[in-house]
Amino acid sequence: MNITPKLTVCIGLILISSLNIYPQKFTIDISSADSLKGDLIIAEAGNKKITVREFIYSYEFGPSFPKKVKNSKDIYLNYLINEKLMAEDGYSRSVDTLPIVKDNLYCMESDLATEELFKDEVMKDVNVSDEEINVAVNKKLVTVELKWLFAPNKDSLLFFTQGISSGIPFDSLFRLQLTDSVFEDQRKWNTDLFNLEQKSNMIAGLIKNQKVGSVSSPVKGPDGWYIFNIVNIWREALPNESELNQLKEKSQEVLQKAKMDSLSDKYVRKIFVDQNPQIIGKTFDLLRTYLAKYEVNPDKSKNWKLDDNLNFLQQQIDSLKKDFYSLTLVEMKDGPYSFKDFIDWLRYREQNVKFKETDFDSFSGSVESYVWRMVRDNSLTKIAFSKGYQNIKSVREQLDWWKDKIVYAVVRDELIGSALLGNTQESFKFENKPLSDEANKKLLHKVLALKQKYKIKINKDILSEIKVGNENDPKTIDVFVVKKGGVFPRPAFPSIDILWQNWQ
């Protein structure tokens, strides 16, 4: 039996961002996208129809380069039409039947369906009262300035506690921990009380009712001990009406998210209680060793005896006369998940999965956490599909957009090669990477040929009426909007490819 090397798949096809960051909050007006006007046809490219709704979402969540020049909407629409034409070419050659397209589309469908599931069964119970918002605003007006000492082990903790007990000033001990690699601002925090409570309710509770200048007792953290000093606490001046409204809006968003997270956790915990999933030890040992062998930097894993472990596990598998991909990894009431189920789950999320490589125990813990994540994601998908959320109009509509995008990307990579654009990070980063002259020529000839083959219609009147957030503005900046909390990390909506920037 052959143990396959490092997992690879062209997930760059669907342009998934690998950035593990939450998007910066920004406001766009997409009311016309969700109104009756959203169904109007703004353009046709062959058999593909572009609605006002699709255009607005694509434009607002797309890259900035077409928004910086005159006739922004026309230019953006032209690039979107180019992609629809290339998708048409792909459909004519049955590109949409390729496994890579089907598998990526299934991932998208799973995430869209589970998103609707959460809207119905979790978000409907999220309510934030005016009283809660007012309390939050009052806390946001209280600024807290903290310093802390960090002790990675008991010996360094004893040094700090004895120093404080003997009367050594906190600032003197504070300066002792500063080095060429540890800067003062890494041991200080200036924030408002509401934010402090959201980030660490434990720290907020620890300093509650404490006076300025007081020093806390040691607090055990995941990586060592912390001793806090309250440098200052003060209340900001009362804001004007505009500032107050902004504070209320921000407070409401944070409170809603906290409640959503809490209810989501509760919803998932109930699934786990009902299904009682159990990881099968021998299969997990194989999975862990397999991933360590092929996914971890060899320099870090050279002392983990992976070859010996693999040989031993291979002998066990051979004795069972069974393909290791079919081995049960997780037992559940409604059916098991196999080794292959996890590999399939990982394959389309590999750019977003980061295993800990400090040592074998840390690596093992991170593998286990991803196994539980797979169970969570697949279980939510099963529930969403069993309740028919994949069939609702908004899911089918967005899935059609994504299907066009995926098919376009296959055609694109066939045409100019995946050396630059097949990579996930390069595909979605808003960064101008020039195409080679040969690639540009191929792309141009393809688009021109498709425009001769397929009929194009544009409704200029509808296009002129569409209101967008940034138009003809040289100062427009790129904002990454990534949905990473669902069962499949992805951009919020499909938008035009960054490669068209080479045509500006």
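The values are calculated or read from the model by the stated rules, or taken from the named source; none is laboratory data. Owing to the predicted nature of the structure, the values given are computational and were not obtained by experimental measurement. So basically every Cβ, Gly included, is an ideal-geometry build from the backbone, and we count neighbours across all protein chains shown. For accessibility, only protein heavy atoms count, side chains too; no ligands or nucleic acids. Shrake-Rupley method; radii C 1.70, N 1.55, O 1.52, S 1.80 Å.
At a glance:
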quantity	calculated
Some residue of the stretch 462-475 being under 28 Å from Asp344 (Cα atoms) and open to solvent by less than 60 Å² (accessible area, probe 1.4 Å)	no
Close pairs from the stretch 125-141: first on the phi < 0 side of the Ramachandran plot and open to solvent by less than 40 Å² (accessible area, probe 1.4 Å), partner among the acidic types (Asp, Glu) and not in a helix (DSSP H, G or I), Cβ under 6 Å, at least 6 apart	Leu141/Glu236
Looking only at the stretch 313-329, and only at residues there that are at pLDDT 75 or above and either in a loop (DSSP other than H, G, I, E, B) or in contact with a Cys (Cβ under 7 Å, 6 or more places away or on another chain) (or both), the one that is surrounded by the most Cβ atoms within 10 Å (Cβ to Cβ)	Leu327
Count of the stretch 86-108 residues which are touching a strand residue (DSSP E or B) at 6+ places or on another chain (Cβ under 8 Å) and not hydrophobic (A, V, I, L, M, F, W, C)	1
Filtered residues of the stretch 343-363 (kept if basic (Lys, Arg) and open to solvent by less than 30 Å² (accessible area, probe 1.4 Å))	Arg349
Pairs where the first residue, in the stretch 232-258, is within 26 Å of Asn209 (Cα to Cα) and the second is open to solvent by less than 70 Å² (accessible area, probe 1.4 Å) and aromatic (Phe, Trp, Tyr), C-beta under 8 Å, 6+ apart	Ser251/Phe194; Val254/Phe194
Among the candidates Lys340, Lys333, residue that is surrounded by fewer than 17 Cβ atoms within 10 Å (Cβ to Cβ) and more than 21 Å from Tyr294 (Cβ to Cβ)	Lys333
The stretch 54-63: number of residues that are open to solvent by 10 Å² or more (accessible area, probe 1.4 Å) and at pLDDT 95 or above	1
Residue tally, condition in contact with a helix residue (DSSP H, G or I) (Cβ under 9 Å, 6 or more places away or on another chain) and either acidic (Asp, Glu) or surrounded by 14 or more Cβ atoms within 10 Å (Cβ to Cβ) (or both), over the stretch 232-248	5
Complete set of residues in the stretch 215-230 that are open to solvent by 30 Å² or more (accessible area, probe 1.4 Å), closer than 16 Å to Lys188 by Cβ and among the hydroxyl-bearing types (Ser, Thr, Tyr)	Tyr226
Options Thr161, Thr179: the member that is assigned to a loop (DSSP other than H, G, I, E, B) and either open to solvent by 60 Å² or more (accessible area, probe 1.4 Å) or not basic (Lys, Arg) (or both)	Thr179
Check on Val410, at pLDDT 90 or above, farther than 23 Å from Asp478 by Cα, open to solvent by less than 10 Å² (accessible area, probe 1.4 Å) and assigned to a helix (DSSP H, G or I)	no
Selection count where residues are closer than 20 Å to Phe160 by Cβ and among the aromatic types (Phe, Trp, Tyr), scope the stretch 186-240	4
Among the candidates Trp372, Trp402, residue that is part of a helix (DSSP H, G or I), open to solvent by 40 Å² or more (accessible area, probe 1.4 Å) and either within 20 Å of Lys340 (Cα to Cα) or modelled with pLDDT of 95 or more (or both)	Trp372
